[in-house]
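Novice: This is the structure I want to talk about, given as structure tokens.
The values are calculated or read from the model by the stated rules, or taken from the named source; none is laboratory data. Everything numeric here is computed off the predicted structure, so don't read it as measured data. Cβ placement follows ideal geometry from the backbone for every residue including glycine, while neighbour counts extend to all protein chains displayed. Heads up: the accessible areas ignore ligands, DNA and RNA and are worked out on the full protein's heavy atoms, side chains in. Shrake-Rupley method; radii C 1.70, N 1.55, O 1.52, S 1.80 Å.
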Amino acid sequence: MAMSLPQGQCPVQCQLCEGDPKVKWKCLDCDLLMCSKCKDKVHSKFKSEKDHRIIYIKDVGQQSKSVDQQDKEVTGRSEAGVGSSPTNVKLINIKEYKTIDIQSLAVSLDGSLWIGNGDEEEGFHPFTSHTALQNIKLVGDKLKIISGFNLLIWDVAVTPNNDILLATGEQRLKQIKAGSNKVSDSVYFVELSYIKSVHATKDGLVIVGGDNVVVVMDTDGKHLASTLNDNIFVTDPNPRVVVLGKENAISNYTGHPSINRHSAFDPRSVITTPMDNVIVADYSSHTLHILDNTGHLLTTYNTKDIGIEYPRPLAITMEGPFAVLYIGCRNTGSCEDSSDTGQLYKRNIMGC
């Protein structure tokens, strides 16, 4: 028998550890409810934490109008090019893992991750038999390698059947069938271009990108034309993000005029959120650009503020009711670093 609690009696959990119901604090800047442990151990690690206003939970309703007005002024402020009602994006519950220099990233249906290292631009880095492509599992604070493959990888995608599709810079995609540990040729082939990016939709369509070409294929590898109802977002070396509709380009996004004034727009990855928005990883400016599904900017998020520099591949998945964002970076966060090691960050993402 289902039971509902009277209104006003619902227990509230800490929004950082998501377990402790003894919420005692609220950060007015993060809009987060916290237990005492997370306030001291987690929130205190936020780089700008010293400037945040944290109050005792029982005092929430006693805030003065001046504080409320100040909140409105802060949340309503917009930079040039950002809408007047920006999305309130939060990244919380950070976990960090040392791994290979990640250049491609995808999440399997079983929750494991596929990470790839090595492409034509950055150079192939198969310095051991397990580094060029890895299937990994995150167990607590540890990273466990399930399997490794020594081949060049441009991009990775997971199909609705949990098959792994690999763009290796050839005209045909490679694949690893679900439950298999063998790399084989797939049915996905493009005659006039080398495939450098791949995406699998929830309906089973496969979208591949190469030199100035984007091709949509069905599960048999047949090329389709004007059959998509959804827009396709493509990063372009120009640099820009191009939004493709059924028949032509709908819009171009070339970065934020203020954020990219000194650091040129450098999009490295594009993903869709559960709210049907789009996140673009801007490598050089340590920024996530959040766009709507037509390519218009909603807001931006500076990852350097939470200790994540030079974001490259992104992946997003759902864990229960929570959206989880994975961000791959180099080890030191420096584009001058020649190290073959990298960082993988896992964070709950809210507001987009």
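Novice: Could you list, in sequence order, all residues of region 302-327 that are touching a His at 6+ places or on another chain (Cβ under 9 Å) and open to solvent by less than 10 Å² (accessible area, probe 1.4 Å)?
Specialist: THR303, ILE308, PRO311
Novice: While we're here: Residues in region 100-121: is at least one among the polar types (S, T, N, Q), closer than 21 Å to ASN135 by Cα and at pLDDT below 85?
Specialist: Checked against the condition, which is being among the polar types (S, T, N, Q), closer than 21 Å to ASN135 by Cα and at pLDDT below 85, region 100-121 yields at least one hit.
Novice: Next question. Considering region 206-221 alone, what residues qualify as being open to solvent by less than 30 Å² (accessible area, probe 1.4 Å) and more than 18 Å from PRO313 (Cβ to Cβ)?
Specialist: If the condition is that a residue be open to solvent by less than 30 Å² (accessible area, probe 1.4 Å) and more than 18 Å from PRO313 (Cβ to Cβ), then VAL206, GLY210, VAL215, VAL216, MET217, GLY221 are the ones that fit.
Novice: Turning to a different aspect of this structure: What are the pairs with Cβ atoms under 9 angstrom where one residue, in region 175-197, is in contact (Cβ under 8 Å) with a residue 12 or more places away in the chain and surrounded by 15 or more Cβ atoms within 10 Å (Cβ to Cβ) and the other, located anywhere, is part of a loop (DSSP other than H, G, I, E, B) and among the basic types (Lys, Arg)? Sequence gap at least six, or different chains.
Specialist: Once the first residue is in contact (Cβ under 8 Å) with a residue 12 or more places away in the chain and surrounded by 15 or more Cβ atoms within 10 Å (Cβ to Cβ) and sits in region 175-197, its partners that are part of a loop (DSSP other than H, G, I, E, B) and among the basic types (Lys, Arg) give ILE176/LYS182.
Novice: Quick one: is VAL243 open to solvent by less than 30 Å² (accessible area, probe 1.4 Å) and under 18 Å from LEU291 (Cβ atoms)?
Specialist: Against the criterion (open to solvent by less than 30 Å² (accessible area, probe 1.4 Å) and under 18 Å from LEU291 (Cβ atoms)), VAL243 qualifies.
Novice: Taking interchain pairs and intrachain pairs at least six residues apart, which have beta carbon atoms under 6 angstrom, with the first residue in region 201-215 and free of Cβ contacts under 8 Å to residues at least 12 places away in the same chain and the second surrounded by 12 or more Cβ atoms within 10 Å (Cβ to Cβ)?
Specialist: none
Novice: If we keep just the residues of region 163-173 that are within 30 Å of ASP276 (Cβ to Cβ) and without any contact (Cβ under 8 Å) to a residue 40 or more places away in the chain, which is most open to solvent (accessible area, probe 1.4 Å)?
Specialist: Of everything passing the filter in region 163-173, ASP163 is most open to solvent (accessible area, probe 1.4 Å).
Novice: Just to be sure before I move on: is GLY342 at pLDDT below 85, at positive phi and of a type outside the set (A, V, I, L, M) in the structure I sent?
Specialist: So GLY342 fails the test.
Novice: Could I ask something else about it? Which of the following residues is in contact with a Lys or Arg (Cβ under 8 Å, 6 or more places away or on another chain), basic (Lys, Arg) and free of Cβ contacts under 8 Å to residues at least 60 places away in the same chain: LYS137, LYS142?
Specialist: Only one candidate qualifies: LYS137.
Novice: So CYS14 clears everything in (1) in a loop (DSSP other than H, G, I, E, B); (2) crowded, with 19+ Cβ neighbours inside 10 Å; (3) modelled with pLDDT of 80 or more except one condition, right? Which one?
Specialist: Among (1) in a loop (DSSP other than H, G, I, E, B); (2) crowded, with 19+ Cβ neighbours inside 10 Å; (3) modelled with pLDDT of 80 or more, the lone unmet condition for CYS14 is (3).
Novice: Also: Scan region 34-56 residue by residue and report those that are modelled with pLDDT under 75 and either open to solvent by less than 70 Å² (accessible area, probe 1.4 Å) or among the acidic types (Asp, Glu) (or both).
Specialist: Passing the criteria: PHE46, SER48, GLU49, ASP51.
Novice: Here's another thing I want to ask about it. Just one of THR317, THR300, THR294 is in a loop (DSSP other than H, G, I, E, B), modelled with pLDDT of 85 or more and of a type in the set (Val, Ile, Thr); which is it?
Specialist: Going through THR317, THR300, THR294 in turn, just one is in a loop (DSSP other than H, G, I, E, B), modelled with pLDDT of 85 or more and of a type in the set (Val, Ile, Thr): THR294.
Novice: While we're on this one: Could you please tell me which pairs satisfy a Cβ distance under 7 Å, a separation of 6+ or placement on different chains, a first residue in region 244-257 that is of a type in the set (Phe, Trp, Tyr), and a second residue that is open to solvent by less than 80 Å² (accessible area, probe 1.4 Å)?
Specialist: Correct list of pairs: TYR253/ARG240; TYR253/VAL241; TYR253/LEU291; TYR253/GLY295; TYR253/LEU297.
Novice: Looking for something touching a helix residue (DSSP H, G or I) at 6+ places or on another chain (Cβ under 9 Å) and in contact (Cβ under 8 Å) with a residue 60 or more places away in the chain - is there at least one such residue anywhere in region 306-316?
Specialist: Within region 306-316, one or more residues are touching a helix residue (DSSP H, G or I) at 6+ places or on another chain (Cβ under 9 Å) and in contact (Cβ under 8 Å) with a residue 60 or more places away in the chain.
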